[in-house]
Amino acid sequence: MMSHKASIIIPHYRDPVALRTCLIALMRCADARSTEVLVVDSGRETLTPKFKRGFPSVHFLSEPRPGAAHARNLGANKSKAKLLLFLDCDCMPHEHFISAHIAALETTDLIGGDVRVSTTPDPSGPEAFEKVFAFNQRDYIAKRRFSVTANLSTHRHVFEQVGPFHEGVSEDKDWCHRAHAQGFSLQFAPNARVTHPARQTWNDLCAKWDRLTRESYALHLAAGKGTTAWVLRSLAMPLSAVVHTVIILRSKALLDPTAKWRAIRTLFRIRLWRMAEMLRVVVRPRADRPLASETTHRSLKDPVSAQSALSSPAAASE
């Protein structure tokens, strides 16, 4: 029986269309035949027998506990290869995704791959906004010492020494920081690339930031910090939009002036919305305030940490 070079672990949550696209792209990658693929259904199992029959080489698992961390941990525990690649179900891997991760891991402990944001031909405001700000992996790795778990790889012995992903926190940042504290090195691999779709509607963008705001406030309270610092940070949100308008104007990701204008308009709108939402969580009755345990149910479609959103008003990429 052929030993696998790497195990690819994909958490899934109620998005079979995206998962199908992901798996088809994965099967077309170089080195695809030398890897094992494990898809872990998170929470209630939703993938049908017909869907599974379409991918006979894929191992389908079910994790009854909701949350991306539980799903990834189960996949890692059931996998067999010495290298572990973590991928999200709504990401489309490029041709050299697997081979680039395998090659890069020959010289380092952890690899964060490139995440490109895709949009429709005539991008909406939220799409244009995310095209500029979302998933800046190079910056995350160089300056914040973490990679999103949508495109992360490591050695099995590293994973076992660092320990599993933790639920109730931002598992990508938490795990990478634990690895860094133990002396393991994280590097960026631009050729280990995936594409992630941008959010197309204002409601999608608000839903994302509603969740991140509640998670961030829960972490803020858990750290023993008071409401004054939180309120001051919320009031800085509109000011950050002024500064980041320059980033949009200079961005090569958007060349069309109309798209740039839509991105700028969305930038100001979402920062004002975030300010209001940050203030709103403070004045809610204590019984309605988010608890740290509520951060368990992070969306599998948005792997970036709430803690990054907390650390800077400019963290529009999360």
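The values are calculated or read from the model by the stated rules, or taken from the named source; none is laboratory data. The model shown is predicted, which means the values in this text are computed figures rather than measured ones. We place every Cβ from the backbone using ideal geometry, glycine too, and count neighbours over all the protein chains shown.
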Among (1) over 22 Å from E127 (Cβ atoms); (2) modelled with pLDDT of 95 or more, the one test that I264 misses | (1)
Can you name the condition, by its number, that G183 falls short on among (1) without any contact (Cβ under 8 Å) to a residue 40 or more places away in the chain; (2) out of contact with any Asp or Glu (no Cβ under 9 Å at 6 or more places or on another chain); (3) not polar (S, T, N, Q)?
-> (2)
Looking only at segment 24-42, which residues are part of a strand (DSSP E or B), more than 19 Å from the chain's Cα centre (by Cα) and hydroxyl-bearing (S, T, Y)?
-> T35
Selection from segment 131-174 of residues that are of a type in the set (G, A, S), surrounded by fewer than 20 Cβ atoms within 10 Å (Cβ to Cβ) and either touching a Cys at 6+ places or on another chain (Cβ under 8 Å) or not in a helix (DSSP H, G or I) (or both) | G163
Based on what the data block shows, is E36 more than 19 Å from K5 (Cβ to Cβ) and at pLDDT 95 or above?
-> no
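Here is a list: R72, R65. Which entry is charged (D, E, K, R), in a loop (DSSP other than H, G, I, E, B) and either over 17 Å from the mean Cα position of the chain (by Cα) or surrounded by 16 or more Cβ atoms within 10 Å (Cβ to Cβ) (or both)?
Values: R72 fails: in a loop (DSSP other than H, G, I, E, B).
Answer to the check: R65.
Take I102 and decide whether it is in a helix (DSSP H, G or I) and touching a Cys at 6+ places or on another chain (Cβ under 6 Å).
Numbers: in a helix (DSSP H, G or I): yes; touching a Cys at 6+ places or on another chain (Cβ under 6 Å): no.
It is false that I102 is in a helix (DSSP H, G or I) and touching a Cys at 6+ places or on another chain (Cβ under 6 Å).
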